[in-house]
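Take a look at the structure below.
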Amino acid sequence: MRAMKDGRPASGQMFSVATSGGGSRAALAAAAAILIMLAALPAFAARNLIQDLIFLFYMLALAQCWNLLAGFSGLISVGQQAFVGLGGYMLFALTLFAGLDPLLAIPLAGVVCATFALPTALIVFRLRGAYFAIGTWVVAEVYRLVFAQFKGLGGGTGTSLAPSVTSTVFGIEWVKALFDVRTPAARDIISYWGALVLMAGTLVFVYAVLRSRRGLALGAIRDQEAAAAGLGVDIYRTKRAVYVAAAAMTGMIGALIYLQKARISPDAAFSVLDWTAYVIFIVVIGGIGTMEGPVIGAIIFYLLQRYLADFGAWYLILLGTLAIAVMLFAPRGLWGFVAERFRVTLFPTRRRLVIGADEVKGG
Amino acid sequence: MALLETCNLQAFYGDFQALYGIDTRLEAGETIAIIGANGAGKSTFLKAVAGLVRRPAASVLFDRQPIGALSAADVVKLGIALVPEGRRLFPSLSVEENLLIGGHGRKLGGPWTLDRVYSLFPILKERRSQAAPTLSGGQQQMAAIGRALMSNPRVLLCDEISLGLAPIIIADIYATLPRIKAEGTSVVLVEQDIAQAIKVSDRVYCFQEGRLSLVGRPRELTREQIHDAYFGS
Amino acid sequence: MTGALDAVIQGVLLGGLYALFAAGLSLIFGVMRLVNLAHGDLIVLAAFVILVVAEKLGLDPFAAVLVAAPILFAIGFVLQHVLLNRTLGRDLLPPLLVTFGLSIIIQNGLLQLFSADSERLRSGAIETASIALGGGIAIGVVPLLTLLSAVAVIVILNLIFYRTPLGRAFRATSDDPEVAQLMGIDHNRIFATAMGLAFVVIAIAALYLGLRANFDPTIGPARLLYAFEAVIIGGLGSFWGTLAGGIVLGLAQTIGARIDPEWQILSGHLAFLAVLAIRPRGLFPRALD
């Protein structure tokens, strides 16, 4: 890539806007290959690894949703646990009361979350910037306190998913026969595939949004609301659409998380630490506003969680300190640091201005 | 001996260089004018002197001492006050509070007190308890000048004080300059209104795209020279 | 009837506590547009500081707060000068995330130092003393002192903001930090002073938090939410608004609790959302923020 010296094109050159370079097509092919390998992994991996990867996948999926909100749309929410918990509770309600198959309940939980996100948006969108953040937190608290009132779902202490529900999930007999495993392992494999699908789906969705016309609008909103308004971007509707879509995805992930955990309580399902603080940590450490950052962040978080979580309070103090240090000294995260140094992007979402044969970074 | 001097002054906004080596000098008691087209770097020059824009430490000398490393808050305490472009009064403060805050960090004794500023701009005394945004443009400009005077500056930097004002108001404001100078204050004017600036100044500096394109005494400069320095030849 | 009147009185008194929570948050936002997600945890931290001072020096909490306040002022000043000033700018994310990280650090640091056990500030007979108003209604002395302190704090903050050079510098810096520098105001210092002042308000809030009920390291975030709700209900930009907002929140919680004890917190949140839905700029808006 050759950068132009003074940024002023000579007359007569052709302009176009491009988002992908040659390297990213190779990255896309590599991503597809990794996906196929991961799908086939249960054939040889131990159950521990499968369980760890479920955790990694759903944390990454949650992180990518939050990244779409905060990193790309300027909607800094600390209340996404509202939709993790709502999705989880919907899974329990739909399987326990309506007798639905859990795999069907997951997308339905997404629909319910989207339905709840609309009126929620109506209220929290009246708050701007930092106040929006605390407003979303209040809403999550309301959800938690309301679900603590439902005696049918265990009230404040929570409830468990009956084994009859989890062990009859669609496809379990087939998995048992295919991999020659017992019911609990087969259940994990199905959750694993579910987590893989949701993770990949979230990545593809966020990528598609960012490369769409709407994605361009998002960039404008994040950078300057007034400028976006000047461009005729309907800020409110675009933000609301992003908020609702992120809620739907977060809800589906929440449903999957609680299918895997098979036990739910209001305090755990609507935990700000588990479903928002950790998620923010992942995005910030990895690099907010990039597709690649949360992937790196999730892997780092998984390793920290695996090896240091036993230190309890000290572990959390470390996470908080790391996040503050990154925010102060490398605000674009690890990926931002790497990308700046080596000038690479695997999943380009920022548009660059292409002038003739020369490429310059769009400003 | 120069009171204020810039030597090879360079200024940057991030990667963008706004000034390329500006040499100027202001003697005690003088008024100098900086003219030039939009974007020539005039305002940046004042901000660099006042400390709002990062600049090399030795590129600004005040009383022969380098002040380029000082913050804006410290520069004003030495005796250099800026009247910023667009007045920029504090909207939630009253007129009087705006004047009082001008003397916030004042270390220097000197001629300017609230009463003296009110006698220079009597209208401000009438409007003293009003909120600043309720003043007219001309009154706001007077308040902004008064606010800067409250720090008892030895150098007053004025950024576009005639911008957007009616000619009669401009004349009123310029009529106060001799009284300000009489108190021992030297003045640097950045002006779009060339005729006005030339009339009151001892020397004229013309900027073009961040570089000095012309220096001279007003009487010695021809219209053609100024035109060329302004727009490029 | 007596029950309803009692609920209203207790709700108003509880509102005094929430106003104290809110005043510090409002002060910080007013001066430097900083929304401090660690505010609740700082109140809890201050309660522990008062507890330690009271125990180590054998002081009554009311005396201990006088010792703790300057310490907390210094902590706030340094925190702002060293850490938080670096996060201020056009981007909203750094201050939010840094204070969020701070919240987690403070919570877990307190857990590590003091364990998860509940603590309480002990001040002898005054804790349970009350004034009988007749008709079966009584006012607790501590709740009454809380409300009176909230009023006093707001009066003093208003005096500082509107009658002193420091307050003038606060307001000017809040209006336009760049031009404030041209007035010789070191905005980093002004922000640090404002945070120090907020920490003194936090110390007073912490005194009553610890006298009225048990506290432990995990209760901070809920206090942040109450403080925030009181600020928004009252309307941004006025200290008296935080008192009004605190009282509305206190009333909603107390009345909700009378219907069903489990609804206390939920009622407060719902009252907040209702105000937001009906009057998004709060009940008594002042500034055009």
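The values are calculated or read from the model by the stated rules, or taken from the named source; none is laboratory data. Since the model is a prediction, treat every value here as computed from it, not as a measurement. All Cβ positions, glycine included, derive from the backbone under ideal geometry; neighbour counts span all protein chains shown.
When C:Gly235 is tested against (1) more than 12 Å from chain A (Cβ to nearest Cβ); (2) more than 14 Å from A:Leu127 (Cβ to Cβ); (3) buried (at least 21 other Cβ atoms within 10 Å of the Cβ), exactly one condition is not met: (2). Taken over segment A:160-201, residues that are of a type in the set (D, E, K, R) and part of a helix (DSSP H, G or I) amount to 4. Across segment B:211-226, the qualifying residues are those that are touching a helix residue (DSSP H, G or I) at 6+ places or on another chain (Cβ under 8 Å) and part of a strand (DSSP E or B), and the one among them that is nearest to B:Ile32 (Cα to Cα) is B:Gly216. Taken over segment C:238-264, the criterion of being in contact with a Ser or Thr (Cβ under 7 Å, 6 or more places away or on another chain), farther than 19 Å from A:Gly135 by Cα and buried (at least 21 other Cβ atoms within 10 Å of the Cβ) is satisfied by C:Phe239, C:Gly256.
Here B:Asp63, B:Asp115 are screened, and the one residue that is more than 27 Å from B:Leu165 (Cα to Cα), more than 14 Å from every other protein chain (Cβ to nearest Cβ), of a type in the set (Asp, Glu) and more than 14 Å from the chain's Cα centre (by Cα) is B:Asp63. Filtering segment A:88-103 to residues that are in contact with a Leu (Cβ under 8 Å, 6 or more places away or on another chain) and not polar (S, T, N, Q) leaves A:Tyr89, A:Met90, A:Leu91, A:Phe92, A:Ala93, A:Leu94, A:Leu96, A:Leu100, A:Pro102.
Of the listed requirements (1) more than 27 Å from C:Ile185 (Cβ to Cβ); (2) modelled with pLDDT of 90 or more; (3) among the small types (Gly, Ala, Ser), B:Ser151 misses just one: (1).
Only residues that are within 13 Å of another protein chain (Cβ to nearest Cβ) and touching a Gly at 6+ places or on another chain (Cβ under 9 Å) were counted in segment A:298-321, giving 5. Scan segment A:130-152 for residues that are in a loop (DSSP other than H, G, I, E, B) and facing chain C (nearest Cβ under 10 Å) and the total you get is 2.
B:Ser92 satisfies every condition listed in (1) more than 9 Å from chain C (Cβ to nearest Cβ); (2) more than 14 Å from C:Met183 (Cα to Cα) except (1). Scanning segment C:143-151 turns up one or more residues that are assigned to a helix (DSSP H, G or I) and surrounded by fewer than 13 Cβ atoms within 10 Å (Cβ to Cβ). For segment A:239-260, residues that are over 12 Å from the mean Cα position of the chain (by Cα) and in contact (Cβ under 8 Å) with a residue 40 or more places away in the chain total 11. Would you check if there is a residue in segment B:130-137 being surrounded by 22 or more Cβ atoms within 10 Å (Cβ to Cβ) and free of Cβ contacts under 8 Å to residues at least 60 places away in the same chain? Yes; the residues of segment B:130-137 include at least one that is surrounded by 22 or more Cβ atoms within 10 Å (Cβ to Cβ) and free of Cβ contacts under 8 Å to residues at least 60 places away in the same chain. Pairs under 9 Å by beta carbon, first residue at positive phi in segment A:262-276, partner assigned to a helix (DSSP H, G or I) and hydroxyl-bearing (Ser, Thr, Tyr), six or more apart or different chains? What qualifies is A:Ala262/A:Thr166. Scanning segment B:212-233 for residues that are more than 22 Å from the chain's Cα centre (by Cα) and among the basic types (Lys, Arg) turns up B:Arg219, B:Arg223. For segment C:181-232, filtering for residues that are within 13 Å of another protein chain (Cβ to nearest Cβ) and in contact with a Lys or Arg (Cβ under 7 Å, 6 or more places away or on another chain) leaves 1. In summary, helices (runs of 4 or more DSSP H) completely within segment B:53-155 and bearing 1 or more residues that are more than 18 Å from B:Glu183 (Cα to Cα) occur at B:72-78, B:95-102, B:122-126, B:137-149. Considering segment A:130-153, the residues that are out of contact with any Lys or Arg (no Cβ under 9 Å at 6 or more places or on another chain) and of a type in the set (Gly, Ala, Ser) include one that is surrounded by the fewest Cβ atoms within 10 Å (Cβ to Cβ), namely A:Gly152. A search for C-beta distances below 6 Å between a residue of segment C:165-180 that is at the interface with chain B (Cβ under 7 Å from one of its Cβ atoms) and part of a helix (DSSP H, G or I) and any residue that is surrounded by fewer than 17 Cβ atoms within 10 Å (Cβ to Cβ) and not small (Gly, Ala, Ser), counting only pairs 6+ apart in sequence or on different chains, returns C:Asp175/B:Pro91.
Identify the residue in segment A:42-71 that is of a type in the set (A, V, I, L, M) and free of Cβ contacts under 8 Å to residues at least 40 places away in the same chain and, among all such residues, is surrounded by the most Cβ atoms within 10 Å (Cβ to Cβ).
A:Ala45
Look at (1) part of a helix (DSSP H, G or I); (2) within 28 Å of B:Ala73 (Cβ to Cβ) and you find that B:Ile161 fails only one, number (1). Out of A:Gly110, A:Gly87, A:Gly79, one residue alone is surrounded by 20 or more Cβ atoms within 10 Å (Cβ to Cβ), touching a residue at least 60 places away in the same chain (Cβ under 8 Å) and in contact with a Cys (Cβ under 6 Å, 6 or more places away or on another chain). It is A:Gly87.
Conditions (1) over 23 Å from C:Ser103 (Cα atoms); (2) assigned to a helix (DSSP H, G or I); (3) of a type outside the set (A, V, I, L, M, F, W, C), marked per residue:
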| residue | (1), (2), (3) |
| --- | --- |
| C:Gly196 | no, yes, yes |
| C:Ile232 | no, yes, no |
| C:Trp240 | yes, yes, no |
| C:Leu243 | yes, yes, no |
| C:Leu249 | yes, yes, no |
| C:Leu270 | yes, yes, no |
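Filtered by the rule that a residue be in a helix (DSSP H, G or I), free of Cβ contacts under 8 Å to residues at least 12 places away in the same chain and at the interface with chain C (Cβ under 7 Å from one of its Cβ atoms), segment A:115-129 gives no residues.
If you go through segment C:104-117 and keep only what is more than 7 Å from every other protein chain (Cβ to nearest Cβ) and crowded, with 24+ Cβ neighbours inside 10 Å, you end up with just C:Gln107.
Checking the conditions here, which among B:Ile80, B:Ile34 is in contact (Cβ under 8 Å) with a residue 60 or more places away in the chain, buried (at least 24 other Cβ atoms within 10 Å of the Cβ) and away from chain C (no Cβ under 14 Å)?
B:Ile34
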